[in-house]
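Worksheet: the structure to be examined is printed underneath.
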Amino acid sequence: MRYLLKQPSGGGNPAWPGVIAMLCLALLSVAMLARLEFGRWSQDAIQVDELFFASCAARGLAEHQLPVAGCHDNKGPMIYLVHQLVQLASSTYDLSAIKLAAYLNVALLAAAVAWLAYLLSGALAATAAAALLLSALASDASHLALKTELLGGLFLLLALITLLARPGRRPSWTLLTAGALLGLATLTRQTYGFSLPALLLGIYLPLRSVKPAGFNRLFVLDSLMLIAGLLTPFCLFLLLFYLRGQELEFLANLFIYPAVRGVPDATPFAKTLQWQLGGVLSVLAGKPGLCTLFAIQSASVLGANYKTHAAALRQSQSHVQRQLALFFCTLSMLLVIFISPVFYGYHILPVELLMAVLAGIGLAELSTALLNAGPRNGKALLSIALITPSLLMAVSTWMNHGGTRNKREASAVNAILKGESRGEHAYVVGMWPSFYVKNGLIPASNLMFPWALAGAPPSGMYGPPPPGTRRAAMLNWAHGKMEAALLEDFRRSPPRFIAVINSMARSAGSKRITDVIIINDYLLEHCTFRQEIIGDHEFTGELYRCRIGNGPDSLPEKVSQAQ
């Protein structure tokens, strides 16, 4: 810690008072949100995706699957493994424990951002980077959740720290470690794999500056070491799931289901791009300090002062080379957003993590220039320029509770079962993880998402690919394997309740309970209608209670489709 707090040699940098004030304001904002999360909102998740991860983790632990392959989501297994570890350390569906892990992850991210900025530019850049990151995250309370964006971002930052920590050519163990950390990031969220070219650039530039004998051969060998490290976690997980008979689920999560996530193919690409651009600008508009400093430093790195940087590259000035690699890593994470079919505000988080590092460096370099050639009152002016946007962001966070002032307790689900049958198995046809978590129920199958079963209708979350395409063939192949898996899951852990979410279970005008035929037949044979589920237009449906084996329930064996 003393290395992060010490002032750079020469002391007296005019930015220190403003940067310390920025950090204090950011910490106060995060503390205020933490007080709300562990107090008034203690019975509610930070963000709904945490409930998906928690329910899948509970399913895996109940079935002795550690780690669980991912419950046919479109993500890798790392986020579920972390949620399983949280449940092992606490209890099933302990939301306070999940929030504690989420805030611990945020603290680690701030430390990693500060560490990387310190390696590249010193203590002032480190402090500024941490302050800018915490301030940006606190602008939306949901961005602090224990999710793939931040967990994968932590692995990516550690990979960059490992790779960029020292100038010159890296030893083999460093390349393998950096690659393995990037591999863990990719197994948390696949889009982090797109940062590989930027990390290869981080290998190329130091070699280019010294041009050793056999330059091309050395670059190829170092690149292969990085890629070998990247593939190592994937191969280990694949081997584990193969031995367990879950390799299809693992591979489908990574490669098949992401291809059907989001808007239908009929949406023109230009229209999707327009939505993405508008969404990105809307989110970044609320973080002016971060964006301004990042833009200034990016322009500098790319050659606003071209002669200086060209000379620096020739003279093996590693800080310029490393910043350039970091910039292209940031750019790669931004480009991923524009080629994705959907955009949510939290998709910008991987970009913000990297922006904070360059923005902190930019602040340090600007303040140094001001110290050398600024006006007599430059220290006061710089402090005002730094504190004003930070104060405005902090006040916004305090006034609207991190964008969730009207957040309501998710108590409607509790009224359905009122503690009945806690710890038993249940199943949701659609996507409604609150049903599991709020009622203490364990998912009856690993197939928890609608795209994993044939017959699920299109929705805002799922767009079936056009017939005859390669994606359609891959999805149909996966569907053919999943029906038997679902029935086997129901045989080993039969559901006491099945909730049918209309918008994700059947098409408009359908006469079936659900268009997923295998589940429709199961409902007709084993279950009886219990009550309507009343929610907003996306979460209305019916709740069915099912007979388990030859137990005491005296339920009719059939329920009419009219019900």
Inset, instruction - Tally the residues that are farther than 17 Å from Phe155 by Cα and either touching an Asp or Glu at 6+ places or on another chain (Cβ under 9 Å) or not in a loop (DSSP other than H, G, I, E, B) (or both), restricting the search to segment 86-108. - result: 10
Legend entry - Flag for Leu313 being in contact with a His (Cβ under 9 Å, 6 or more places away or on another chain), within 30 Å of Leu164 (Cα to Cα), open to solvent by 30 Å² or more (accessible area, probe 1.4 Å) and modelled with pLDDT under 85: no
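Would you point out which residue out of Ala499, Ala478, Ala452 is modelled with pLDDT of 90 or more and open to solvent by less than 40 Å² (accessible area, probe 1.4 Å)? If you could, list the steps in order and put the result at the bottom.
Details: Ala478 fails: modelled with pLDDT of 90 or more; Ala452 fails: modelled with pLDDT of 90 or more.
Only one candidate qualifies: Ala499.
Here are Leu156, Leu134, Leu163: which of them is modelled with pLDDT of 95 or more and over 28 Å from Ser55 (Cα atoms)?
Leu134
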Legend entry - Elements of type helices (runs of 4 or more DSSP H) in segment 149-262, at least 1 residues being in contact (Cβ under 8 Å) with a residue 40 or more places away in the chain, hydroxyl-bearing (Ser, Thr, Tyr) and open to solvent by less than 40 Å² (accessible area, probe 1.4 Å): 172-186, 196-210
Legend entry - Identity of the residue in segment 66-82, among the aliphatic types (A, V, I, L, M) and open to solvent by 10 Å² or more (accessible area, probe 1.4 Å), that ends up nearest to Phe155 (Cα to Cα): Met78
Inset, instruction - For segment 530-547, enumerate the residues that are modelled with pLDDT of 75 or more, buried (at least 17 other Cβ atoms within 10 Å of the Cβ) and either hydrophobic (A, V, I, L, M, F, W, C) or assigned to a strand (DSSP E or B) (or both). - result: Arg530, Ile533, Gly541, Glu542, Leu543, Tyr544, Arg545, Cys546
Legend entry - Scan of segment 507-526 for residues that are out of contact with any strand residue (DSSP E or B) (no Cβ under 8 Å at 6 or more places or on another chain) and in a loop (DSSP other than H, G, I, E, B), ordered by number: Ser507, Ala508, Gly509, Ser510, Lys511, Arg512, Asp515
Legend entry - Hits in segment 434-473 - residues which are over 24 Å from Glu247 (Cβ atoms) and aromatic (Phe, Trp, Tyr): Phe435, Tyr436
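The values are calculated or read from the model by the stated rules, or taken from the named source; none is laboratory data. Just so you know, these numbers come straight off a predicted model, no measurement behind them. Positions of Cβ are generated from backbone atoms using ideal geometry, with glycine treated the same way; all protein chains shown enter the neighbour counts. Each accessible area value is taken on the protein alone, full model and side chains, heavy atoms only, with ligands, DNA and RNA left out. Shrake-Rupley method; radii C 1.70, N 1.55, O 1.52, S 1.80 Å.
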